[in-house]
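So the structure is just underneath, and the comments pick up after that.
The values are calculated or read from the model by the stated rules, or taken from the named source; none is laboratory data. Because the structure is predicted, anything quoted here is derived from the model rather than measured. Reconstructed Cβ throughout: ideal geometry from the backbone, glycine too, with neighbour counts over all protein chains shown. Accessible surface areas use protein heavy atoms only, side chains included; no ligands, DNA or RNA. Shrake-Rupley method; radii C 1.70, N 1.55, O 1.52, S 1.80 Å.
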Amino acid sequence: MLKEKVTSNFSHIFESDLIDEIVQVGILKKVKENDLLLDIGQKFDKIPLVLSGAIKISREDENGDEISLYFLEQGDTCNITFGSGLNSEKSKVRGIAERDSEILFIPLEKLEEWMITYKSWRIFVIKSYNTRLSEMLEAIDTLAFMKMDQRLYKHLTDKVKIMQSTILNTTHEQIALDLNTSRVVVSRLLKKLENEQKIKLFRNKIEVL
């Protein structure tokens, strides 16, 4: 069963020998929506491979204000955990399941071993680094150059892609936390988007049109 899931996700990337090794050493974990996978300050010695679902990666400042950085989806891994683990550092990010997910955890020592043994793994890791860097730059651009109403609408449309549904079960408070702003501002701008017929508001639910 596990081999079928790994093969389905990675057969177009990894050779069969690597898939066999992944299945042999990997530990499958099923998590529910809002489950905490990794917290700031925690030491992490595993490589996560997302088999299904979505994981939100976020940062928090010394005041407890949090902001979303990017999402890990099916077939992704989190390169930030690589550096922290290899250097025995504590995590600087938090990972929370955005929806029910399946994660395969690989022992961190396999990272370097497979970088030498398998060309496909080297390419996967390098591409993952490039993808996460692009997403980080996009997050910076969003903060620096977009107005809050634009950031809010982008956040909603991004969530639609992540959740694979135009109906988002969320609260104004949760959106405010994700965007590092106030609930009052979010409520006002959501009403503006509804007036522009871009969304429909319900209790603890938003439909993105």
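Taking amide hydrogens as placed 1.01 Å from N in the peptide plane, the amide H of Gln74 sits under 5 Å from those of Gly53, each at least 5 positions away in sequence or on another chain.
How would Leu190, Leu133 rank on accessible area, largest to smallest, probe 1.4 Å?
Numbers: Leu190 0, Leu133 100 Å².
Highest to lowest solvent-accessible surface, that is Leu133, Leu190.
If you sort Ile106, Ile123 by accessible surface, 1.4 Å probe, largest first, the order is Ile123, Ile106. A P(r) calculated from all alpha carbon pairs of the range 14-159, with 10 Å bins opening at zero, reads 11, 39, 36, 13, 3 percent.
Using +1 on the beta carbon of Lys and Arg, -1 on that of Asp and Glu, and nothing else charged, what's the dipole of the chain about the Cα centre, debye to 20?
Working: 31 positive and 33 negative charges, 149 e Å.
Charge dipole, the chain, about its Cα centre: 720 debye, nearest 20.
Ordered by 1.4 Å accessible area with all protein chains kept, His172, His12 run largest first as His12, His172. The portion of the accessible surface of the range 56-163 made up by carbon and sulfur, rounded to a whole percent, is 53 (1.4 Å probe; DNA, RNA and ligands excluded). Tally Lys/Arg at +1 and Asp/Glu at -1 over every other residue whose Cβ is under 10 Å from the Cβ of Lys92; what's the total? Net charge around Lys92: +1.
DSSP H helices in the chain with Cα extent of 15 Å or more along the helix axis and mean Kyte-Doolittle hydropathy at least -0.5? Membrane-span-like by this rule: 119-145, 183-195. In straight-distance terms, cross-link reach from Lys161 covers every one of the aspartates and glutamates whose alpha-carbon lies under 17 Å from its own, apart from those fewer than eight places away in the same chain; here that gives Glu33, Glu73, Asp76, Glu98, Asp100, Glu135, Glu138, Asp178, Glu207.
Mind scanning Lys90/Lys159; Lys29/Lys119; Lys43/Lys159; Lys147/Lys191 and naming the pairs with a C-alpha gap bigger than 19 Å?
Numbers: Lys90/Lys159 28 Å; Lys29/Lys119 27 Å; Lys43/Lys159 28 Å; Lys147/Lys191 16 Å.
Distance filter (> 19 Å) returns Lys90/Lys159; Lys29/Lys119; Lys43/Lys159.
Per residue, the solvent-accessible area of the range 91-166 (1.4 Å probe, heavy atoms of protein chains only, all protein chains present) comes to 54 Å².
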